[in-house]
Amino acid sequence: MKKAKWWQEIVMYQIYPRSFQDSNNDGIGDILGIISRLDYLKKLGIGGIWLSPVYQSPNDDNGYDISNYEEILSEFGTMAQMELLISEAKKRDIQIIMDLVVNHTSDEHPWFIEARKSVDNPYRDYYIWRKAKSEQEAPNALASAFGGSAWEFDTTSEQYYLHLFSKKQPDLNWENEQLRHAIYQMMNFWIAKGIAGFRMDVIDLIGKIPDQMITSNGPQLHHYLKEMNKATFGDKDLLTVGETWGATPEIAKAYSSPDNHELSMVFQFEHISLDEIPGQSKWDLAPLSIPKLKNVFNKWQVTLENDGWNSLFWNNHDLPRIVSRWGDDGKYRVESAKMLAMILHMMKGTPYIYQGEEIGMTNRVITDIAEVDDIESINFYDERLAQGFSHEEIINAINAKGRDNARTPMQWNQTENAGFTTFKPWIAINPNYKEINVEAALLDKNSIFYTYQALIRLRKMKPIVVFGKFQLIENVAEDIFAYKRTLNDECLLVVANFSKNENRFTLPKHIQKVLLHNYNRELISDSSYTLKPYESFILEL
């Protein structure tokens with residue numbers, strides 16, 4: 001059996017620094033706050049932290065608009081504290097993965113400040129500029145992900161610049177070789193600090209050809225990634241994961257096959273789009289089809305089995321809480337959260353936990369747009385209102401899919417502000433923190449936390465979890481998600497009732513051991529069994 005890479009054997013944990021732990025009581029999470037919680041993360045068992053941006057930023061898009069890649073935003077701390085975080089994490093066998101945002105910068109980055117001075121400025125070509133189609137008319141119909149046109153008119157030079165996100169996030173021009181090498185130099189600055197890799201924000205957009213309306217998977221994308229690999233991390237043992245909304249399994253193979261010298265893995269979002277009306281936006285809600293979900297996971301598991309590597313996730317800072325989205329955040333919150341964890345963590349790939357997922361944190365329900373912080377949700381509200389949608393329809397969509405759901409502060413204990421801060425938090429805390437918090441989870445031996453801990457332990461102990469072949473079990477009730485993992489003469493069976501309804505399942509003949517079960521019930525070999533709502537178990541056969 002081939003030797004695993006370190007990033008194939010671990011579980012990653014995403015920290016959204018602003019919402020994790022405040023150490024200086026200004027209402028904003030910070031680096032010293034993260035350091036103070038490293039022992040908690042070690043207890044959970046994670047091997048790496050994906051750290052959302054802590055770079056200098058005016059915070060138009062919560063740090064994904066960077067004004068200086070080599071400075072730390074003062075509200076998060078200092079570079080010395082960042083270096084301390086890297087070393088303190090390593091002492092606990094936890095690696096730090098930085099968020100690399102190189103599709104765009106802030107419009108307050110020195111490069112863009114220079115670029116907009118004149119059409120002849122040496123930095124002009126670091127960004128994407130076009131003449132107006134006609135007087136005050138955008139060059140083409142490219143739209144911003146945050147609503148409206150992707151082109152912003154600049155009065156100084158009377159040209160438009162491209163921004164696929166906020167108008168304060170101008171897109172970088174990757175066709176410019178000088179710009180690319182400035183980025184590689186910055187990446188090497190962070191590698192020299194001792195980080196263990198990068199999560200690459202919307203990396204599939206860097207090969208865009210705006211004049212041809214091509215945004216993702218442009219023809220030069222893989223050339224740029226190979227060049228980046230060679231100039232920065234290629235000869236080092238680092239984890240690199242690309243955020244690729246438009247990836248298919250075949251494209252993902254190109255990214256993550258070791259022979260291609262690009263990335264370790266990508267985040268693909270095919271499963272995450274299954275509760276949208278096809279062809280419409282993420283806000284246009286459709287019920288989740290469990291058969292479709294099974295088919296998508298099966299396709300990715302099988303296609304990347306021998307050539308490439310999967311990342312496994314339910315949540316991140318852009319997505320709603322999974323227990324509210326596809327579980328049951330009421331009566332069966334604990335059972336459904338454990339079920340969702342078991343399904344995901346027993347697949348082949350590197351699992352990612354988003355902060356609070358391991359205690360079953362839920363979406364925070366709002367009734368008014370004044371309660372919203374997220375720029376994307378606010379723009380969506382204004383656009384839909386202008387289109388004649390009702391306030392209730394729009395708020396329902398934001399409650400289901402808005403990014404603030406993931407960004408409410410981490411719930412540590414029952415004290416005021418959930419132990420996150422003693423000051424007014426930058427964003428409202430979910431009022432259910434008195435019931436759902438880390439302190440309560442650690443005291444309850446049957447909590448969601450200990451299921452996540454057990455799943456992480458299984459991955460470390462059993463090579464079958466890392467390398468085993470994946471086989472979807474067909475011919476079961478459509479709400480039952482069941483699959484086998486096999487390696488040599490070993491076999492694991494994962495069974496999950498993805499429903500609040502009971503479902504029948506025939507147990508296999510030779511159950512050697514029950515490794516994990518979210519209900520305290522007996523399982524008898526070769527018998528017909530009624531699965532309770534959201535019941536799930538992992539068997540060694």
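What follows draws every value from the coordinates through simple rules; no lab data is involved. Keep in mind the model is a prediction, meaning the values are calculated, not measured. Neighbour counts run over all protein chains shown; Cβ positions are idealised from the backbone, glycine included.
The local environment of Gly242, defined by Cβ-Cβ distances under 10 Å, has a net charge of -3 under the rule Lys, Arg +1 and Asp, Glu -1. The simple spin-label model puts a point 7 Å past each Cα toward its Cβ; for Ala182 and Asp120 those points are separated by 2.0 nm.
By the helix-only formula, in which each DSSP H run with n ≥ 4 contributes -39500 (n - 2.57) and the sum is divided by residues, the chain has a 222 nm mean residue ellipticity of -8000 deg cm²/dmol. Sequence-distant contacts, meaning Cα pairs under 8 Å at least 6 residues apart, place the relative contact order of the chain at 13 percent.
Computed on the range 1-112, with alpha-carbon pairs under 8 angstrom and 6+ residues apart, the relative contact order is 27 percent. Using alpha carbon centroids, what distance separates the range 123-198 and the range 263-289, in Å? Using only Cα atoms to place each centre, the spacing works out to 26 Å. Taking the square roots of five times each eigenvalue of the Cα gyration tensor of the range 329-406, the equivalent ellipsoid has semi-axes of 31, 14, 11 Å, listed largest first.
Please list, in order, the residues from the range 246-279 whose amide nitrogen is less than 16 Å from a point placed 7 Å along the Cα→Cβ vector of Ala231. Under 16 Å, as judged by backbone N against the label point of Ala231, lie 262-263 of the range 246-279. Helix 391-401 and the longest principal axis of the C-alpha atoms of the chain enclose an angle of approximately 70°.
Out of the range 12-59, which trypsin sites (Lys or Arg not before Pro) are coil in DSSP terms and have no more than 11 other C-beta atoms within 10 Å? Taking the range 12-59 and a limit of 11 other Cβ atoms within 10 Å, no loop trypsin sites (Lys or Arg not before Pro) are found.
Working note: Cα atoms of the range 39-140, range along each principal axis, descending, whole Å: 61, 27, 20.
Axis angle, to the nearest 10 degrees, between helix 221-231 and the longest C-alpha principal axis of the chain: 90 degrees.
The distance linking the range 7-70 with the range 450-520 is 32 Å (Cα centroid to Cα centroid, whole angstrom).
Between Tyr40 and Ala192, the modelled label-to-label distance comes to 3.5 nm, taking each label 7 Å out from Cα in the direction of the beta carbon.
Whole-percent P(r), the range 39-85, all Cα pairs, 10 Å bins from 0: 26, 43, 26, 6.
For the range 487-535, the list of GluC sites (Glu not before Pro) that fall in a loop by DSSP and count at most 11 other C-beta atoms within 10 angstrom reads Glu522. Taking Lys and Arg as +1 and Asp and Glu as -1, the other residues whose beta-carbon sits under 15 Å from that of Ala196 total 0.
Each of Asp201, Asp489, Asp171, Asp211 has some number of other Cβ atoms within 10 Å of its Cβ, and from fewest to most they run Asp489, Asp211, Asp201, Asp171. Across all Cα atoms of the range 272-361, the radius of gyration (one decimal) and Dmax (whole number) stand at 13.6, 41 Å.
Couplings 3J(HN,Hα) for the range 420-430, derived from phi with the Karplus relation 6.51 cos²θ - 1.76 cosθ + 1.60 (θ = phi - 60°), are 7, 7, 9, 9, 5, x, 4, 9, 4, 7, 5 Hz, where x marks Gly and Pro. Under the combined filter of DSSP loop state and at most 16 neighbouring Cβ atoms within 10 Å, the range 447-530 retains these trypsin sites (Lys or Arg not before Pro): Lys500, Lys509, Arg521.
Taking all Cα pairs closer than 8 Å and separated by 6 or more residues, the relative contact order of the range 399-541 comes to 16 percent. Annotation: the residues Leu443, Leu293, Leu84, sorted from fewest to most other C-beta atoms within 10 Å of their own C-beta, follow the order Leu443, Leu84, Leu293. The per residue volume of the convex hull around the alpha-carbon atoms of the chain is 147 Å³.
Across all directions, the average projected area of the convex hull around the alpha carbons of the range 142-228 is 6.8 nm².
Using only Cα atoms, find the angle between the long axis of helix 79-91 and the longest principal axis of the chain, and express it within 0 to 90 degrees, rounded to the nearest 10. Here the helix axis deviates by roughly 20 degrees. For the range 112-152, evaluate the Debye formula with one uniform point scatterer on each Cα (no solvent term) and list log10 I(q)/I(0) at q = 0.19, 0.20, 0.32 Å⁻¹, rounded to two decimals. Summing over Cα pairs of the range 112-152 leads to -0.66, -0.72, -1.00. What number comes out for the charge environment of Glu276, summing +1 per Lys or Arg and -1 per Asp or Glu over other residues with Cβ under 13 Å away? In short, +1.
Shown here is the pair-distance distribution of the range 1-93: with all Cα-Cα distances grouped in 10 Å bins from zero up to the longest one, the shares run 16, 46, 28, 8, 2, 0 percent. Available extension along the chain between Gln220 and Ile473 is 87.1 nm, counting 0.36 nm per residue and deducting the alpha carbon span. Calculated on the Cα set of the range 323-468, radius of gyration then Dmax: 17.6, 56 Å.
Applying a threshold of 29 Å to the alpha-carbon distances of Lys5/Lys193; Lys91/Lys168; Lys167/Lys208; Lys253/Lys462 flags Lys91/Lys168 as lying beyond it.
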